[in-house]
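**Q** Okay, handing you the structure first.
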Amino acid sequence: MLKKYFLVFMVILTLYSCSKKDELEYNLKNQVDPYQVYSEGFQAFEKGDYFYANKKFSEAELNFEIVEYAAKASIMSSYSLYGINLYDQAIENLERYLRKYPADKNIIYAHYLMSIIYYEQISDEKKDLKPLLKATEKIDFFIKKYPNSDYAIDLRFKKDLIQNQLAAKELFIAKHYIKTQKWVPAINRLRNIVDKYQETVFIEEALHRLVEIHYYLGLEPEAKKYASILGYNYNSSEWFKQSYKVLNKEYKIIQKKTVNKDENFLKKILKKIK
């Protein structure tokens, strides 16, 4: 009887050992090499196949044991999503990256890429204002946190463009009020441009419209005030000439110099970060 139990035990032990051996062999056979997967993703990335690249970078991130490499795969995945205009997914992936890898050395690039994504979602200023405000918020955050970075130069330039679009929105609404002779809201919109968007290309027209409205309403001192500001800063502009015709009076002019702005750059930088 004892011999019978022993034989049964040996059969069970043998079956268990075979099962564990098969499981081990299966795991070894199906083990993912994250370096190989990342390499496949990078090759697709170089060819512009961002859909496949994102898939491979995401897989590599899950299998990298070294946190630094997993973080880099996550960044590459985010850019790949951005590359195929999946903006919401890219933002979601970047926010996850920021939570999961807060000490990663490439975190500044993640914030920069997020700023660019918000910026590129800006549509017609006459329609939706929300993307403009969101992009401004993210860019302001970046410039404040990383003021001396190379990325900040590009974002300052983009912020100038956003400011122009916000000013354009105010001017568009002001003109609508002018057409319907709603003078007070028109003046308020134009003053917003003067107070908040002085560096934009719309400041000259805003000042001229303030001259026109105040002169029309019989508020000549106010009209002259805005004409003086326009003349002092933009005496050679067409808008100053128009204001001069309204008032028919000469003003003493002091020339002011204009400042040139820097231009643009993204994928090239991503490939260089380590």
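The values are calculated or read from the model by the stated rules, or taken from the named source; none is laboratory data. Quantities reported herein were computed from a predicted structural model and do not represent experimental measurements. When we count neighbours, we look across all protein chains shown, and the Cβ atoms used for this are built from the backbone with ideal geometry, even at glycine.
**Q** Does the stretch 246-254 include one or more residues that are modelled with pLDDT under 75, surrounded by fewer than 14 Cβ atoms within 10 Å (Cβ to Cβ) and under 30 Å from SER74 (Cα atoms)?
**A** no
**Q** Please state which one of LEU155, LEU113, LEU98, LEU161 is modelled with pLDDT under 90 and among the aliphatic types (A, V, I, L, M).
**A** One residue alone meets the criteria, LEU161.
**Q** For the stretch 225-240, indicate whether the set of residues that are surrounded by 15 or more Cβ atoms within 10 Å (Cβ to Cβ), modelled with pLDDT of 90 or more and not hydroxyl-bearing (Ser, Thr, Tyr) is non-empty.
**A** Within the stretch 225-240 (the criterion being surrounded by 15 or more Cβ atoms within 10 Å (Cβ to Cβ), modelled with pLDDT of 90 or more and not hydroxyl-bearing (Ser, Thr, Tyr)), the answer is yes, since at least one residue qualifies.
**Q** While we're on this one: Any chance the stretch 74-81 includes a residue that's over 14 Å from the mean Cα position of the chain (by Cα), crowded, with 19+ Cβ neighbours inside 10 Å, under 22 Å from ASP154 (Cα atoms) and among the hydroxyl-bearing types (Ser, Thr, Tyr)?
**A** Among the residues of the stretch 74-81, at least one is over 14 Å from the mean Cα position of the chain (by Cα), crowded, with 19+ Cβ neighbours inside 10 Å, under 22 Å from ASP154 (Cα atoms) and among the hydroxyl-bearing types (Ser, Thr, Tyr), which makes the answer yes.
**Q** Further question: How many residues, within the stretch 169-196, are at pLDDT 90 or above and buried (at least 18 other Cβ atoms within 10 Å of the Cβ)?
**A** 11
**Q** Of all the residues that make up the stretch 199-219, how many are within 11 Å of TRP183 (Cβ to Cβ) and aromatic (Phe, Trp, Tyr)?
**A** The total comes to 1.
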